Amino acid sequence: MRRFLDLADFSREQIQELLTLALHLERAPDPTALRGKVLGLLFMNPSLRTLSSFQAGMARLGGSSFVITPGSGTWQLESRLGAVMDGGAAEHIREGLPVLASYCDALGIRAFADGKDLAADLADARFGAMAQLIGKPLINLESAISHPCQSLADWKTLDELQVPHGAKFVLSWAWHPRALPLAVAASTLQMAAMRGMEVVVLRPEGFALPTVLMDKARRAAAASGGSVQETDDRRAAFAGAQVVYAKEWGCTAHYGDEAQDLKARAKLKDWCLNESWFEGARGDCKLMHCLPVRRNVALADALLDGPRAVVLRQAFNRMPAQMAVLHQMLKPAE
């Protein structure tokens, strides 16, 4: 494995191999597997779980890591091609990234969507420009449109919970005071479709996921025996659901228009999930969320603190899932 950029780049069989390895490394970490290997982590945006789980996972495999947060102890990085660099950024990615890559055996990059141009973000243009500069193994720590590490951990969580591949999986929009990127929603949709689940995207009018993402997921579902549909009907979406994955994202009907986005979401504060939403769901229906989550904004306290929530299990699974990626990517051939 040279690159881990999008779950869709791998077959179900390859993902299952990673998950099997993740379970093995969780139970019996190999502290010599990556001895002498160095992982570089570049975070253009904040992190808690991704940062700490990669550092912990690398250490458990005997390797080391360094973290770069541009503008916090290091130079700010400019990523625009042709930019006149007379502002705050002192260094360009065209010099900075090759230098960082030369210091490590693999590099992970987090670079969120700009949230201004939907076509550019769907094309993952910013991350793609960075990836072209890297000749070393590369890991997507979350880009404009993909968060494969989160989705690999979520797949592991579903397997541990013994959720059948054909179970009903609801990806539900949840309220947030501002527009958030599409990456987790897109990757979650793709993951559930690849797993063969009956996927329902529940969202209010104006917040439909872009057609290109829905079509990509439908192709994956067709290959896996699953299905993908979308609705704004809460009752219909939750009926018979075995898993509900709550996630916040921006208004796609007014993408990049902050004023219109705020206007659209101002009427949707009742999209804070609580136990009443689960009336028609299965009694054992589980609640998932990638975290961080705003309590009593996106999800009610009672849900997060109740038996449905598996959010902490998802968060823990980030580490063994990523250990499997690192192991396949960096372990020397025997």
If I take the Cα coordinates of the range 1-57 and project them onto the principal axes, what are the three extents in Å, biggest first?
32, 29, 20
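Would you mind classifying the range 161-305 by shape? Square roots of the alpha carbon gyration tensor eigenvalues, ordered a ≥ b ≥ c; an a/c under 1.5 is rounded, otherwise it is prolate if a/b is larger than b/c and oblate if not. Spell out each step's value before the answer.
Numbers: a/c = 1.91, a/b = 1.19, b/c = 1.60.
Judged from the Cα gyration tensor, the range 161-305 comes out oblate (a/c at least 1.5, b/c at or above a/b).
For the chain, just say rounded, prolate or oblate: build the C-alpha gyration tensor, square-root its eigenvalues into a ≥ b ≥ c, call rounded for a/c under 1.5, and beyond that prolate if a/b exceeds b/c, oblate if not.
Numbers: a/c = 1.85, a/b = 1.25, b/c = 1.48.
Note, shape of the chain comes out oblate.
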Based on the mean of other beta carbon atoms within 10 Å per residue, what is the order of 6-16, 323-333, most packed first?
323-333, 6-16
Which value, in debye to the nearest 20, describes the size of the charge dipole of the chain about its Cα centre when Lys and Arg Cβ atoms bear +1, Asp and Glu Cβ atoms bear -1, and nothing else is charged?
420
FRET efficiency estimate (nearest 0.05) - Cβ-Cβ, residue 257 to residue 99, R0 30 angstrom:
0.20
Specify whether the C-alpha gyration tensor of the range 47-204 places it in the rounded, prolate or oblate class, a ≥ b ≥ c being the square roots of the eigenvalues: rounded for a/c under 1.5, otherwise prolate if a/b is larger than b/c and oblate if not.
oblate
Could you tell me the distance between the Cα centroids of the range 86-118 and the range 145-192, to the nearest Å?
26
Length gained when the stretch residue 83-residue 297 is fully extended (0.36 nm per residue, less Cα-Cα span)
73.2 nm
With the contact rule set at Cα under 8 Å and sequence spacing of 6 or more, what percent relative contact order holds for the chain?
21
Counting only backbone N atoms under 20 Å from a point 7 Å out along Cα-to-Cβ of residue 2, the residues of the range 122-143 in range are 127-141
Name the aspartates and glutamates eligible as straight-distance cross-link partners of residue 247: C-alpha to C-alpha under 17 Å, and not fewer than 8 places from it in the same chain.
142, 154, 205, 230, 232, 233, 261, 270, 275, 301
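Counting only C-alpha contacts under 8 Å and six or more residues apart, can you give the relative contact order of the range 92-198 as a whole percent?
Details: 123 pairs, mean separation 29.1, N = 107.
Averaging sequence separation for qualifying contacts and normalising by length gives 27 percent for the range 92-198.
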So for R0 = 30 Å, FRET eff. of residue 231-residue 312 from the Cβ-Cβ r, to 0.05, ends up at 0.55
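Mean separation of Cα pairs under 8 Å and 6+ residues apart, divided by the residue count of the range 202-284: what relative contact order is that in percent?
Values: 62 pairs, mean separation 32.4, N = 83.
It rounds to 39 percent for the range 202-284.
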For the chain, build the charge dipole from Cβ charges (+1 Lys, Arg; -1 Asp, Glu) around the Cα centre, then report which of 256, 292, 132 sits farthest towards its positive end.
292
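Laboratory data are not the source of any read-out in this text; all were calculated from the coordinates shown. Keep in mind that this is a model prediction, so the values were computed, not measured. Don't worry about glycine lacking a Cβ; one is built from the backbone with ideal geometry, like all the others, and counts go over all protein chains shown.
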